[in-house]
1. Restricting attention to region B:68-78, does a residue exist that is modelled with pLDDT of 95 or more, surrounded by 15 or more Cβ atoms within 10 Å (Cβ to Cβ) and touching a helix residue (DSSP H, G or I) at 6+ places or on another chain (Cβ under 7 Å)?
2. Which members of region A:94-109 meet the condition of being within 8 Å of chain B (Cβ to nearest Cβ), in contact with a helix residue (DSSP H, G or I) (Cβ under 7 Å, 6 or more places away or on another chain) and not in a loop (DSSP other than H, G, I, E, B)?
3. Whether any residue in region A:78-93 is within 11 Å of another protein chain (Cβ to nearest Cβ), at pLDDT below 90, within 21 Å of residue B:105 (Cβ to Cβ) and in contact with a helix residue (DSSP H, G or I) (Cβ under 8 Å, 6 or more places away or on another chain) is what I want to check.
4. Considering B:97, B:114, which residue is touching a strand residue (DSSP E or B) at 6+ places or on another chain (Cβ under 9 Å), touching a residue at least 40 places away in the same chain (Cβ under 8 Å) and more than 26 Å from residue B:2 (Cβ to Cβ)?
5. Please count how many residues of region B:28-52 are in a loop (DSSP other than H, G, I, E, B), within 28 Å of residue A:104 (Cβ to Cβ) and more than 9 Å from every other protein chain (Cβ to nearest Cβ).
6. Tell me yes or no: at least one residue of region B:86-98 is within 11 Å of chain A (Cβ to nearest Cβ), under 24 Å from residue A:100 (Cβ atoms), loosely packed, with under 15 Cβ neighbours inside 10 Å and under 14 Å from the mean Cα position of the chain (by Cα).
7. Within 13 Å of chain A (Cβ to nearest Cβ), at pLDDT 95 or above and under 28 Å from residue A:6 (Cβ atoms): which single residue out of B:113, B:60 fits that description?
C-alpha cells in the first residue's frame, strides 16, 4: 500500500540550529514527492517538490530512492520557519496525493 | 488575483442533517481536488475533477458523500445524513494543469464541519 510516514509530530529546535524533518514513503513505482507548509492562520502552500530541485526559503530536500526518503533540511533555522510541514506522495497509478500526518516545527529563541 | 475560496468557513450540523460545502477554484484551473482532514492528521484525498469530469472518487468514505462540478468551475461537496465521524476540516485545492497530483495545488482555507 502507498503510505507516507512523518515520524515526528513535533520538532523543537533552537534558532540558528540545523533542521531536518523526516519523511519516508512506501511506493514501488516512480514517486513524485512534495513538501507543503502551513503557517499559523494561513492556508496550505507548496514549499518544494523533488522534481524541481530548488531551494526555497533555504530549505532543500533530496529524494533517496534506496532509503525511500525525502527529508527536508535547512542549515540554520529561523523564527519564521515555525509552521506545520506535510510531506506528500504522488503516484502514476491514480490522481491522489497521499499525505503524511505532518510535523509541527517550533523554534526556540 | 483571487485564490481558492470555500464557504462556509465553519458549519455546525446536527447528526442526520445534510450539508453542502462550496469551493470556488482559481479561475481557469482545470483540476480540482477535495480532501478531508481530521484533527492531528494530514489531508486525505476524497475526489478529483478534471473540468466537469469526476475522474477519481475512490476516496469518498461512503455513499453519503457526493461531489459535483457541473460547469467545470465551482464545486460542491454534499454530505447526507451527517455522522459524528464526519467532523473534520474539508479542504479544496485547484491546479492549472491536467497532470493530476503532479503539479502544485493551491488550497482554500477549508471548511470546518462539526457534527453534534
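The values are calculated or read from the model by the stated rules, or taken from the named source; none is laboratory data. Treat the numbers as computed from the prediction; the structure is a model and nothing was measured. Neighbour counts are summed over all protein chains in view; Cβ atoms, including those assigned to glycine, are modelled from backbone coordinates with ideal geometry.
1. No, because not a single residue in region B:68-78 is modelled with pLDDT of 95 or more, surrounded by 15 or more Cβ atoms within 10 Å (Cβ to Cβ) and touching a helix residue (DSSP H, G or I) at 6+ places or on another chain (Cβ under 7 Å).
2. Within region A:94-109, just A:97 meets the criteria.
3. Yes - at least one qualifying residue is present in region A:78-93.
4. B:114
5. Here the count works out to 2.
6. There is no residue in region B:86-98 that is within 11 Å of chain A (Cβ to nearest Cβ), under 24 Å from residue A:100 (Cβ atoms), loosely packed, with under 15 Cβ neighbours inside 10 Å and under 14 Å from the mean Cα position of the chain (by Cα).
7. B:60
Yes or no, residue by residue, for (1) modelled with pLDDT under 90; (2) away from every other protein chain (no Cβ under 11 Å):
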| residue | (1), (2) |
| --- | --- |
| A:38 | no, no |
| A:47 | no, no |
| A:51 | yes, no |
| A:57 | no, yes |
